[in-house]
Amino acid sequence: MEFFYGQDTLSTIQWTLRAIVAFFFLFFVVKIMGLRSISQLRLLDFAMAILIGNIIAHPLSDEGLGLKGSLVSMSVLAGLYLICLYLMSKFTPFREFVAPPPISLVKNGELNLKNLKKARISVDDILSEMRKQSIVDLKKVALALWEPDGEISFFLSPEHQPVTKSDLNITSQPFSYPTAIIKEGKINYEMLINSPYNKETLKNNIKTTYNVEINEVLLATLDQNNQLQVFLK
């Protein structure tokens with residue numbers, strides 16, 4: 001356990017052990033904090049990411065620093081993070097302070113210059129985000145909101161929104177998510193149980209239709225109508 005404490009020099013094995021411990025401890029901390037900490041970098045999340053990155057990096061690059069202090073600091077920060085999330089769920093003023101409500105940047109095709117300055121967003125930034133969402137005319141935008149995580153949400157005016165089947169009174173089939181029963185040449189027996197196939201009938205169907213074996217199938221899916229779709233390697 002010498003690698004755990006600060007020393008004048010560390011051997012290659014000690015550096016390796018220190019990196020392994022730090023990696024799994026960081027993974028454990030992020031797991032406790034939840035996916036929100038890495039999927040949406042809001043103010044609180046960004047601060048945590050910066051702090052944890054700096055804390056864990058130092059003992060991995062400086063043999064004179066012990067690992068214990070970093071692990072304790074990360075544990076405290078993770079605890080504070082969870083406390084903040086709890087307070088955000090219980091107290092609206094605290095939530096609005098940490099994650100303020102969206103700011104309107106565009107309304108009815110008109111830019112809100114005051115809010116643009118407040119959010120420190122330029123007109124070029126707005127135009128860039130519009131291009132990413134295939135919006136070419138600012139006048140078509142009914143509302144654009146700057147979200148707490150830094151993203152900009154755009155809502156088109158009703159007359160410029162795409163026509164849907166419901167608008168044309170066209171009856172559509174219920175949503176169906178295809179089930180993967182074969183992945184990379186391996187049968188998913190858990191999914192196969194709920195299908196009309198068993199191992200042998202599935203093999204025979206694929207052999208007859210595609211003239212290949214199961215291990216040659218990259219992906220096979222089954223929809224709600226029990227239609228089998230096969231993608232070969």
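The values are calculated or read from the model by the stated rules, or taken from the named source; none is laboratory data. Computed from a predicted structure; not experimentally measured. Backbone-built Cβ (ideal geometry, glycine too); neighbour counts: all protein chains shown. The accessibility values were calculated without ligands, DNA or RNA, using every heavy atom of the protein model including side chains. Shrake-Rupley method; radii C 1.70, N 1.55, O 1.52, S 1.80 Å.
Students often forget the sequence filter, so: which lysines lie under 19 Å Cα-Cα from Lys233 once same-chain residues fewer than 8 apart are removed?
Those lysines meeting the cut-off are Lys183, Lys186, Lys203, Lys207.
Which of the chymotrypsin sites (Phe, Trp or Tyr not before Pro) found in segment 110-204 are loop residues per DSSP with 13 or fewer other Cβ atoms within 10 Å of their Cβ? Before the final figure, lay out the partial values.
Details: sites: Trp146, Phe154, Phe155, Phe175, Tyr189, Tyr197; in loops: Phe175, Tyr197.
Answer by residue number: Phe175.
On full extension of the chain, what length is gained from Ser172 through Glu216, given 0.36 nm per residue of separation minus the C-alpha to C-alpha distance?
Working: separation 44, 0.36 × 44 = 15.84 nm, distance 3.47 nm.
Between Ser172 and Glu216, full extension yields an extra 12.4 nm.
Taking all protein chains together and a probe of 1.4 Å, list Glu213, Glu184 from the most accessible to the least accessible.
Values: Glu213 85, Glu184 135 Å².
Putting Glu213, Glu184 in descending order of accessible area: Glu184, Glu213.
Compute the distance in nm between two label points, each set 7 Å from the Cα along the Cα-to-Cβ direction, one at Gln227 and one at Tyr189.
3.0 nm
Excluding same-chain pairs closer than 8 in sequence, count the lysine pairs in segment 64-165 whose Cα atoms lie under 25 Å apart.
For segment 64-165, qualifying lysine pairs total 16.
What is the Rg over Rh value, at two decimals, for segment 50-145, using alpha-carbon atoms and the Kirkwood definition of Rh?
Values: Rg = 20.9 Å, Rh = 17.2 Å.
In segment 50-145, Rg relative to Rh is 1.22.
Measure of size requested: the Rg and Dmax of segment 99-199, with Cα atoms as the atom set and Å as the unit; please supply both.
21.8, 65
Let me check I've understood the local charge: for Lys114, count other residues with C-beta under 13 angstrom from its C-beta, Lys and Arg +1, Asp and Glu -1. What total comes out? Write down the numbers at each step before the final one.
Values: positive: Lys107, Lys117, Lys118, Arg120; negative: Glu110.
Surrounding charge for Lys114 is +3.
If R0 is 25 Å, what FRET efficiency do you get for Arg120 and Leu143 from their C-beta distance, rounded to 0.05?
Values: r = 20 Å, r/R0 = 0.79.
Calculated transfer efficiency: 0.80.
Quote the charge dipole size of segment 163-233 about the Cα centre in Debye, to the nearest 20; the model charges only the Cβ of Lys and Arg (+1) and of Asp and Glu (-1).
Values: 7 positive and 7 negative charges, 23 e Å.
Result for segment 163-233 is approximately 120 debye, rounded to the nearest 20.
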